[in-house]
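Let me begin by presenting the structure, written as structure tokens, before commenting on it.
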Amino acid sequence: MSVVGDEVGMIRGVRIAGPGREYLIDEEPVDIVIADGRIADIAPAGALRPTGAVLDAEGAWAVPGLWDNHVHTVQWALAAERESLDDTLSATEAASRMGAVAPLSDGRRVGTGYRDALWDDRPTLAVLDAATGEVPTYLINADVHSVWLNSAALRREGMSTTDGVLREEGAFEISRRLNAVDPEHADRAVQRAGEEAAARGVTGIVDFDMAWNADAWPRRVASGFAAHRVEFAVYPFDLARAVAEGLRTGELVDDADLPQARRGLIRVGPLKIISDGSLGTRTAACTHAYPGDPYNFGVMTVPREELIGLLTTATGAGLAVAVHAIGDRAASTALDAFAMTGAVGSIEHAQLVRHADLARFARLGVTASVQPQHAIDDRDLAERLWATQDSLGYPLASLFAAGADVRFGSDAPVAALDPWQAMAAAVTRTENARDAWHPEEAVTFDQALQASIRSTSVPGAPADLALCAADPRRATGTHLRDMPVVATLLAGRVTHRA
């Protein structure tokens, strides 16, 4: 039996559920031969001689290794150490719960995942101070675009606000400080989180941590990280440094002294630009005002001319761009900037899109990098805050129909890093007994899988594979969301074995 860390020369008795199904005859199992980290051959079971270690799939179903195309890695990894507030129903309840939380080793209490836009009461400094006293206490909104702090935390951070809530750049600065734990601590948390991701069939992520990741990821790999591939982003505050150091999107960040199993895992990703706010914080830049707030159309946190300048600089330096744009006004402005600069890359989120802009994604070659679970988690917020919008909310089928290149992610820790959850959300548009939300935007499993992979299961492709205990093409609802992954391989090396 192959175990984690083994190099596999053959997968015996496996069925193919994704690209490469042409190798199946009447869905009978096949053997997959692996050499030098790639699929070398596929033939009916028993037709080929084993080469190297054999992983007996026992009829499991294989799909190409899964990718999560939007992750905030350290914040996701540290979320396990923080108090979950995703089920709180009021500011009073959230504050009371935080008052009972034990401080972390740095003396701060940290909670995460609240959605105050659904509360009947509002976060205030007085409510949080009364519940938490003099222990610095931080509550991070589910969308990470606002943070609620008590007076002790505000004093510690040298900041002030009348209601205790910091939004947008202020909130991001707090998150950066909370995530700036000892590197050894962070790396251990990332290692554990990477192993959890491998257990869900993940073989690659795009990391959008707000940090200088060009040093962090080589350090982690040198210390033993080998759970999946990584493409890491840089942010505008580090753009000059990235250009000076010659970072180019797609290039390997490698060390010839590393063992072979840990080489070739890290690549330079895009320049990440946050051009507007979020739905939950009521700052996503929209064409229509937010209900009850006639002067609030959200915020363009990066003005149009500045956005064009950033895309121009990035393109000249060989960097792709990933533009966060949630509201329809932000998405339209981002597409304009792509058109004017010839930049390549993605729009991240695209949660509200004008009908006329759908075709522009394909025409401009801009990837729609979306998070299907957000449609499920945000449906009540969207019904409340975007009720008067004429644009399309959380479009999926419409983007596919327009010919856009669509990629799925989680925005972890905003949603769980689990591509099966994302695919299930995209296919069903619900996750419980509620009716599907805008079922006309549901997609097929094949479309969802295509948005979650980077390769195929054919000879010559990387041997990045996830083996499932059931045929995912026939799974629906909960069964797809909870798809059991019996093994994950990265370049033919086992990273997870149930």
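The values are calculated or read from the model by the stated rules, or taken from the named source; none is laboratory data. If you're wondering where the values come from, they're calculated on a predicted model, not measured in any experiment. Here the Cβ is made from the backbone with ideal geometry for all residues, glycine too, and neighbour counts use every protein chain on show. Note: accessible area is taken over every heavy atom of the protein model, side chains too, but ligands, DNA and RNA are not part of it. Shrake-Rupley method; radii C 1.70, N 1.55, O 1.52, S 1.80 Å.
Rounded to the nearest Å, what's the spacing between the alpha carbon centres of segment 309-344 and segment 371-386? Just the number, please.
Segment 309-344 and segment 371-386 have Cα centres spaced 25 Å from each other.
Accessible area per residue of segment 79-193 at 1.4 Å probe, in Å²? Present the calculation step by step, with values, prior to reporting the outcome.
Details: 4910 Å² over 115 residues.
For segment 79-193, the per-residue accessible area is 43 Å².
Starting from the Cα coordinates of the chain, work out the convex hull volume and express it per residue in Å³. Before the final figure, lay out the partial values.
Numbers: hull volume 72.9 nm³, N = 498.
Once divided by residue count, the hull of the chain is 146 Å³.
Quickly estimate the mean residue ellipticity at 222 nm for the chain, helices only: each DSSP H run with n ≥ 4 gives -39500 (n - 2.57), and the total goes over all residues, rounded to 500.
On the way: 17 runs with 146 residues, N = 498.
That calculation yields -8000 deg cm²/dmol at 222 nm.
So for segment 199-296: antiparallel DSSP bridges make up what percent, rounded to the nearest 5?
Numbers: 2 of 10 bridges.
In segment 199-296, DSSP labels about 20 percent of beta bridges as antiparallel.
Would you kindly state the longest site-free stretch of the chain, with sites defined as chymotrypsin sites (Phe, Trp or Tyr not before Pro) in a DSSP loop (not H, G, I, E, B) surrounded by at most 16 other Cβ atoms within 10 Å?
On the way: sites that count: Trp119, Trp212, Tyr295.
Counting only loop sites that pass the neighbour cut-off, the longest clear stretch is 296-498.
Please compute the per residue accessible area over segment 326-438 with all protein chains in place, 1.4 Å probe, rounded to a whole number of Å². Before the final figure, lay out the partial values.
Details: 3640 Å² over 113 residues.
Result: 32 Å² of accessible area for each residue.
How large is Rg/Rh for segment 118-227, to two decimals, with Cα atoms and a Kirkwood Rh? Could you put the intermediate results ahead of the total?
Numbers: Rg = 17.2 Å, Rh = 16.1 Å.
My calculation of the ratio gives 1.07.
Let a ≥ b ≥ c be the square roots of the eigenvalues of the Cα gyration tensor of segment 355-451; is it rounded (a/c under 1.5), or, if not, prolate (a/b larger than b/c) or oblate?
Working: a/c = 1.60, a/b = 1.15, b/c = 1.39.
Because a/c hits 1.5 or more and a/b fails to exceed b/c, segment 355-451 counts as oblate.
Relative contact order of segment 187-244: what whole-number percent is it, with Cα pairs under 8 angstrom and at least 6 residues apart? Provide the component values of the computation, followed by the final result.
Numbers: 45 pairs, mean separation 25.4, N = 58.
The value is 44 percent.
Of all the accessible heavy-atom surface of the chain, with the other protein chains kept in place and a 1.4 Å probe, what percent is carbon and sulfur?
Details: 9810 of 19020 Å².
Here it works out to 52 percent.
Take the eigenvalues of the Cα gyration tensor for segment 165-204, scale each by 5, and report the square roots as semi-axes in whole Å, largest first.
Values: eigenvalues 145, 41, 8 Å².
One finds semi-axes of 27, 14, 6 Å for segment 165-204.
Tell me which of Ala233, Phe445, Val353 sits at the most positive position along the dipole axis of the chain, charges placed on C-beta atoms (Lys, Arg +1; Asp, Glu -1).
Ala233
Between Thr444 and Glu134, what's the calculated FRET efficiency when r is the beta-carbon distance and R0 is 56 Å? Round to 0.05. Don't jump to the answer; show the numbers that get you there.
Values: r = 55 Å, r/R0 = 0.98.
About 0.55, to the nearest 0.05.
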